[in-house]
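First comes the structure, then the notes that go with it.
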Amino acid sequence: IHAVDGSLGTRWSSAFSDGQWIRVDLGAAQSINRIVLRWETAFARVYQIQVSNDATTWTTISSSTAGDGAVDDIGKLTATGRFVRVFAERRATPWGNSLWEFEVYGPSPVGE
């Protein structure tokens, strides 16, 4: 997926409709304390950050009703999950949603 490749030259984009999402699989349940969304011109006005251990049942750990297309740096999270997704409920533009990067962070190792 282009939104998790570490390159700001590639991106993920959704269909031109509301209710779109992007999901990442961390491989195993991980502690999550920060998420950074680097939106492109097409962005979600209303969205939720959700976690799951089975990719079926989702728990919202953060939400926004005033997305502005900037970089959203969501810190101070205390969540655990194998899957993390951005569920874009409502678009801010006539186009779909577009992310340059979807970054998920856990606790830093001791000494860093």
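The values are calculated or read from the model by the stated rules, or taken from the named source; none is laboratory data. Bear in mind the structure is a predicted one, so any value in this text is a computation, not a measurement. Cβ coordinates were reconstructed from backbone atoms using ideal geometry, including for glycine residues, and neighbour counts include every protein chain displayed. Note: areas computed on protein heavy atoms with side chains; ligands, DNA, RNA excluded. Shrake-Rupley method; radii C 1.70, N 1.55, O 1.52, S 1.80 Å.
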### Task
Run Gly96 past the list (1) within 21 Å of Trp12 (Cα to Cα); (2) open to solvent by 60 Å² or more (accessible area, probe 1.4 Å); (3) small (Gly, Ala, Ser) and report the number of the one that doesn't hold.
(2)
### Query
Tally time: how many residues in segment 41-60 are surrounded by fewer than 17 Cβ atoms within 10 Å (Cβ to Cβ) and farther than 15 Å from Leu77 by Cβ?
7
### Task
May I ask you to list the residues in segment 72-112 that are within 11 Å of the chain's Cα centre (by Cα) and aliphatic (A, V, I, L, M)?
Ile74, Val84, Val86, Ala88, Leu99, Val104
### Summary
Condition set of a type in the set (A, V, I, L, M) and part of a loop (DSSP other than H, G, I, E, B), scope segment 1-55, selection modelled with the lowest pLDDT: answer is Ile1
### Task
Scan segment 57-93 residue by residue and report those that are of a type outside the set (A, V, I, L, M, F, W, C) and under 23 Å from Phe16 (Cα atoms).
Ser63, Ser64, Thr65, Gly67, Asp68, Gly69, Asp72, Arg85, Glu89, Arg90, Arg91, Thr93
## Note on the structure
By residue number, the members of segment 61-93 that are over 12 Å from Ile32 (Cα atoms), loosely packed, with under 12 Cβ neighbours inside 10 Å and among the polar types (S, T, N, Q) are Thr65
